[in-house]
Amino acid sequence: MDKYIFYKKGLFLLLCSIFFFAFKGISQDRTVIELRDKSRKNIKRPEFDSGQLWRRGGVFNLNIGQGSQKNWSAGGENFSFTINSYLGLHAFYKREKYSWDNTLDLNYGLVNTSSKGTRKNDDRIDVLSKVGYELASKLSFSALVNFHSQFSKGYKYSEKAPRELLSNFLAPGYLLFSLGLDYKPTEGLSIFVSPITSRWIFVVDDSLSAKGAYGVNPGDYSKNEIGAFAQIKYLKKITQTINYNGRIDLFSNYGHNPQNVDIMMNNKFTGKFSKILSANLALDLIYDDDVKLFGKNNDSPAWQLKSLFGVGLSVNF
């Protein structure tokens, strides 16, 4: 448990530090700009627009659904309730040849039915920070840090057997450090490629660690892999009311089956009806060669698919 506490606290401090310095930099840059402007009041120089150094913002979505029935001949659940939430924050910095992009994505959802109780249907933590230096037009040398995990325990449910624990906070958790080239050929599109990437896999739940889940050795809480990494991000305004946000991550482990590339793909379509009403469609695909929880004997990797659709409140800030 000492290792569990160490990993948990260490990762928490790392993530907090990234966003602390990102947002702290905003106030520092504003102070510098104010001092610079005051010192130039009496100096006649050609006017120029230095541009906005930081662009910040976010979106919060909340979708709720409910159904009930009594003495209904067609049958079905007597009661059902679903709630799904999403919080996305971003802080983008750009000054001369330097850039620093930070994003935070949090998803959580629950579904409750009278026959099956409460179960989780969405759970994701994703933090991405990328620092770049422009080498040429639309091409930068960049360092990328990415962390993703989930908030709470997830289970596999069966009609004939008790529920089985599949995941927990930091079980698994993935922390990735990568150096490479970032190409932005057009607005909204970013292609990052790295031949040198270090990825840590954390499984700090005792029962999952004992099984050797997610590729760690039985009894260990973490595992390091060295490989190649590529990431494509695409933001597109399809119409005046519909937006698309997509991302695909590819990782090849040099040390074990490099031909079996791990894939994580997130797709999100958002349609805005008004300032606070929206419809959301999310489609996620994952293939991880180390996640051997599927097949007839629950010992094989497989494609993982999740889709969610909802209508509810959406607030931009």
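The values are calculated or read from the model by the stated rules, or taken from the named source; none is laboratory data. Being a predicted model, the structure only gives us computed values, none of them experimental. Positions of Cβ are backbone-derived with ideal geometry, glycine not excepted, and every protein chain shown enters the neighbour counts. Ligands, DNA and RNA are excluded from the accessible area calculation, which covers all protein heavy atoms including side chains. Shrake-Rupley method; radii C 1.70, N 1.55, O 1.52, S 1.80 Å.
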Looking at PHE251 and the list (1) in contact (Cβ under 8 Å) with a residue 60 or more places away in the chain; (2) more than 16 Å from LEU106 (Cα to Cα); (3) open to solvent by 60 Å² or more (accessible area, probe 1.4 Å); (4) aromatic (Phe, Trp, Tyr), which single condition is not satisfied? (3)
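Among the residues of the stretch 95-124, write down those that are under 22 Å from the mean Cα position of the chain (by Cα), charged (D, E, K, R) and open to solvent by 20 Å² or more (accessible area, probe 1.4 Å). Quick ask: steps written out before the conclusion?
So in the stretch 95-124, the residues under 22 Å from the mean Cα position of the chain (by Cα) come out as 99-111, 119-124.
Filter once more, so that each one left must be charged (D, E, K, R): 101, 105, 119-120, 122-124.
Of everything in the stretch 95-124, those that are under 22 Å from the mean Cα position of the chain (by Cα), charged (D, E, K, R) and open to solvent by 20 Å² or more (accessible area, probe 1.4 Å) turn out to be ASP101, ASP105, ARG119, LYS120, ASP123, ARG124.
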Pick from the stretch 57-78, criterion among the small types (Gly, Ala, Ser) and part of a loop (DSSP other than H, G, I, E, B), ranking: surrounded by the most Cβ atoms within 10 Å (Cβ to Cβ): GLY76
May I ask you to say which residue of TYR234, TYR244 is closer than 25 Å to GLY109 by Cβ, open to solvent by 70 Å² or more (accessible area, probe 1.4 Å) and of a type in the set (Ser, Thr, Tyr)? TYR234
Take VAL127 and tell me if it is without any contact (Cβ under 8 Å) to a residue 60 or more places away in the chain and open to solvent by less than 70 Å² (accessible area, probe 1.4 Å). no
Could you tell me which of the residues SER114, SER190 is free of Cβ contacts under 8 Å to residues at least 40 places away in the same chain and either out of contact with any helix residue (DSSP H, G or I) (no Cβ under 6 Å at 6 or more places or on another chain) or not aliphatic (A, V, I, L, M) (or both)? SER114
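Looking at the stretch 238-292, which of the residues that are of a type in the set (Asp, Glu) and outside any strand (DSSP E or B) is nearest to LEU313 (Cα to Cα)?
Looking at residues that are of a type in the set (Asp, Glu) and outside any strand (DSSP E or B), I get ASP288.
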With respect to the numbered conditions (1) farther than 15 Å from SER314 by Cα; (2) in contact with a strand residue (DSSP E or B) (Cβ under 9 Å, 6 or more places away or on another chain); (3) surrounded by fewer than 18 Cβ atoms within 10 Å (Cβ to Cβ), which one is the sole condition not fulfilled by THR82? (3)
Restricting the stretch 293-310 to residues that are at pLDDT 90 or above and in a strand (DSSP E or B), the residue that is nearest to ILE64 (Cα to Cα): GLY310
Taking the stretch 197-224 only, how many residues are part of a loop (DSSP other than H, G, I, E, B), open to solvent by less than 20 Å² (accessible area, probe 1.4 Å) and in contact with a Ser or Thr (Cβ under 7 Å, 6 or more places away or on another chain)? 2
